Amino acid sequence: VYRMTRPQLYIDLNDVTDLRRVEKSDESLILGGNVSLTTVKNTFIKYAKDPGFHHLRQMAKHVDLIASVPVRN
């Protein structure tokens, strides 16, 4: 019933390093737009012990509720 058109071009963003970056300073945590949710969760757990970042422990628990491991990767 619904005709699906196929894209003429695919662009692979997996090797764009800026989209996969994880950068932390004393006041902020920057995650690139192509960071997997598993990496996000592990990063939150890693930095939750640092002063000013204790809220990341709870955020890691929420990320764990999203889909399953294959989907998060």
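The values are calculated or read from the model by the stated rules, or taken from the named source; none is laboratory data. Being a predicted model, the structure only gives us computed values, none of them experimental. For neighbour counting, all protein chains shown are included, and Cβ atoms are generated from backbone atoms with ideal geometry for every residue, glycine included.
Can you confirm whether the stretch 43-61 contains a residue that is basic (Lys, Arg) and touching a Gly at 6+ places or on another chain (Cβ under 7 Å)? Looking through the stretch 43-61, none of the residues is basic (Lys, Arg) and touching a Gly at 6+ places or on another chain (Cβ under 7 Å). Would you say residue 21 is exposed (fewer than 12 other Cβ atoms within 10 Å of the Cβ) and of a type in the set (Lys, Arg)? So residue 21 does not fit the description; no.
Scan the stretch 1-24 residue by residue and report those that are modelled with pLDDT of 90 or more, more than 24 Å from residue 47 (Cβ to Cβ) and of a type in the set (A, V, I, L, M, F, W, C). Within the stretch 1-24, 9, 11, 13 meet the criteria. Within the stretch 37-66, the set of residues being of a type in the set (A, V, I, L, M, F, W, C) and closer than 17 Å to residue 22 by Cα comprises 37, 40, 44, 45, 48, 53, 56, 59, 60, 63.
Pairs linking a residue in the stretch 21-49 that is part of a helix (DSSP H, G or I) to a residue that is of a type in the set (D, E, K, R), with Cβ atoms under 8 Å and 6 or more positions apart or on different chains, are 37/72; 38/72; 41/64; 41/72; 44/57; 45/57; 47/24.
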